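Written out below as structure tokens is the structure these notes cover.
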């Protein structure tokens, strides 16, 4: 289910381009490899406001995008028709790609500059791209 939320966070910005783009993105997306990461296990400065989540790599149209999603919430009802989907954000060193995370930007820890955010996200983007390359990173924190 987290994978679906992650995929939606990438595809929803395309909604403004028309529903044809959304359908095309889902068709080209394929499989979404993912890995669970935790703040306490990270050797790098943690960039997220939650203590754990999932890194997912989405490859659509030849473009790899790494997404971080928080776990499903347990503090609110999760019943069909009344669900609170996990928040998701883009993990990228490309400042323009980060604009797609505007709605859920509070999932990033507060940062004083875009440079700070990018520096924090860089090692996690590398981990996520390793998933797109064909599998689990050997060392989650290299």
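The values are calculated or read from the model by the stated rules, or taken from the named source; none is laboratory data. Since this is a predicted model, take the numbers as computed values, not measurements. Every residue, glycine as well, gets a Cβ built from its backbone with ideal geometry; the counts of neighbours run over all protein chains shown.
Of the listed requirements (1) within 20 Å of residue 32 (Cα to Cα); (2) assigned to a helix (DSSP H, G or I), residue 89 misses just one: (2).
Listed here are the residues, each with its yes/no results for (1) farther than 23 Å from residue 109 by Cα; (2) modelled with pLDDT of 95 or more; (3) over 16 Å from the mean Cα position of the chain (by Cα).
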| residue | (1), (2), (3) |
| --- | --- |
| 34 | no, no, no |
| 42 | no, no, yes |
| 62 | yes, no, yes |
| 65 | no, no, no |
| 76 | no, no, yes |
| 79 | yes, no, yes |
| 83 | yes, no, yes |
| 97 | no, no, no |
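Look at the range 44-66: where a residue is on the phi > 0 side of the Ramachandran plot and outside any strand (DSSP E or B) and a partner is at pLDDT below 95 and surrounded by fewer than 16 Cβ atoms within 10 Å (Cβ to Cβ), sitting 6+ places away or on another chain with Cβ atoms under 9 Å, you get 61/28; 62/28.
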